[in-house]
Amino acid sequence: MIGFSTKFLVAALLLLLAFSVSAKGWKGMVPGKANRKQVIEKFGEPSKEFSKGGKLSNALNYQGDEAIEGALEVNMFFDKHDVLFRIDVFPSREVNLEQVKRIFGKDYLERITKKGFTFFNYWRVGMVVFFEKDEDVVHSFMFTEPQTGSKGGKKK
């Protein structure tokens, strides 16, 4: 017979597995897991290193001759410990809204930026898809660590 503590442990593990999420990475680089050295080992030296200030102070940019396959430009941002926390990808081919829904599903929150750009927040996996203004074409993808808890708003 299984004791109370064993039942509790099994229930806790099942609950943990049910609520665990995995981050959506890009080309094997997962925010919160990959580091600067791994990025450079995989993709080579960047086109440039840059800073947008604040949290976005430590970044690598890949474009032009150093562009990563599938993207016109990629920006990778690292924290003060050189851990990757955000990837911005500007795709090299056109991806439309219906393709996004078909590929990534409908578990997103639809929002509009202050400047009127629509975006889908796939917050459970840490991916945001930004669309061109007044068009159903992807402008960019942003990969971050998954967010936990309810983000509110209307789910599409």
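The values are calculated or read from the model by the stated rules, or taken from the named source; none is laboratory data. Please read these numbers as outputs of a predicted model, since none were measured by experiment. Don't worry about glycine lacking a Cβ; one is built from the backbone with ideal geometry, like all the others, and counts go over all protein chains shown.
Regarding the range 74-82, can at least one residue be identified that is surrounded by 18 or more Cβ atoms within 10 Å (Cβ to Cβ), in contact with a strand residue (DSSP E or B) (Cβ under 7 Å, 6 or more places away or on another chain) and more than 18 Å from Gly32 (Cβ to Cβ)? Explain how you work it out, then say what you get.
Narrowing the range 74-82 to residues surrounded by 18 or more Cβ atoms within 10 Å (Cβ to Cβ): 74-78.
Subsequent filtering for residues that are in contact with a strand residue (DSSP E or B) (Cβ under 7 Å, 6 or more places away or on another chain) retains 74-78.
Within this subset, residues satisfying the condition of being more than 18 Å from Gly32 (Cβ to Cβ) are none.
Among the residues of the range 74-82, not one is surrounded by 18 or more Cβ atoms within 10 Å (Cβ to Cβ), in contact with a strand residue (DSSP E or B) (Cβ under 7 Å, 6 or more places away or on another chain) and more than 18 Å from Gly32 (Cβ to Cβ), which makes the answer no.
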Taking interchain pairs and intrachain pairs at least six residues apart, which have beta carbon atoms under 8 angstrom, with the first residue in the range 32-47 and in a helix (DSSP H, G or I) and the second exposed (fewer than 12 other Cβ atoms within 10 Å of the Cβ)?
-> Lys42/Gly28
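Determine whether the range 133-140 contains at least one residue that is assigned to a strand (DSSP E or B), touching a Lys or Arg at 6+ places or on another chain (Cβ under 6 Å) and closer than 20 Å to Leu60 by Cα. Lay out the reasoning, then the answer.
First pass over the range 133-140, keeping only residues assigned to a strand (DSSP E or B): 137-140.
Imposing the further condition that a residue be touching a Lys or Arg at 6+ places or on another chain (Cβ under 6 Å) reduces the set to none.
Checked the range 133-140: no residue is assigned to a strand (DSSP E or B), touching a Lys or Arg at 6+ places or on another chain (Cβ under 6 Å) and closer than 20 Å to Leu60 by Cα.
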Pairs, first without any contact (Cβ under 8 Å) to a residue 12 or more places away in the chain and at negative phi in the range 51-68, second of a type in the set (Gly, Ala, Ser) and assigned to a strand (DSSP E or B), C-beta under 9 Å, six or more apart = Ser51/Ala59; Lys52/Ala59
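For (1) modelled with pLDDT of 95 or more; (2) farther than 20 Å from Ser140 by Cβ; (3) within 13 Å of the chain's Cα centre (by Cα), each residue gets a yes or a no:
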| position | (1), (2), (3) |
| --- | --- |
| Lys42 | yes, yes, no |
| Leu72 | yes, no, no |
| Met76 | yes, no, yes |
| Val83 | yes, yes, no |
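For the condition surrounded by 15 or more Cβ atoms within 10 Å (Cβ to Cβ), at pLDDT below 95 and not in a helix (DSSP H, G or I), what is the one hit in Lys24, Lys52? Lay out the reasoning, then the answer.
On the way: Lys52 fails: surrounded by 15 or more Cβ atoms within 10 Å (Cβ to Cβ).
After ruling out the rest, the residue left standing is Lys24.
Criterion first (closer than 25 Å to Lys48 by Cα, surrounded by fewer than 16 Cβ atoms within 10 Å (Cβ to Cβ) and modelled with pLDDT under 95) does Lys151 satisfy it? Full working, then the answer.
Working: closer than 25 Å to Lys48 by Cα: no; surrounded by fewer than 16 Cβ atoms within 10 Å (Cβ to Cβ): yes; modelled with pLDDT under 95: yes.
No.
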Give just the number: which of (1) loosely packed, with under 13 Cβ neighbours inside 10 Å; (2) in contact with a His (Cβ under 9 Å, 6 or more places away or on another chain) does Ile103 not satisfy?
-> (2)
Residues in the range 115-128: is at least one at pLDDT below 95 and surrounded by fewer than 13 Cβ atoms within 10 Å (Cβ to Cβ)?
-> yes
With respect to the numbered conditions (1) without any contact (Cβ under 8 Å) to a residue 24 or more places away in the chain; (2) surrounded by 13 or more Cβ atoms within 10 Å (Cβ to Cβ), which one is the sole condition not fulfilled by Ile112?
-> (2)
Just one of Ile87, Ile68 is under 18 Å from Asn35 (Cβ atoms), β-branched (Val, Ile, Thr) and assigned to a loop (DSSP other than H, G, I, E, B); which is it?
-> Ile68
Which pairs do you get when a residue that is of a type outside the set (S, T, N, Q), found in the range 139-156, comes within reach of a residue that is surrounded by fewer than 18 Cβ atoms within 10 Å (Cβ to Cβ) and at pLDDT below 50, reach meaning Cβ atoms under 6 angstrom, with the pair 6+ apart or on two chains?
-> Pro146/Val21
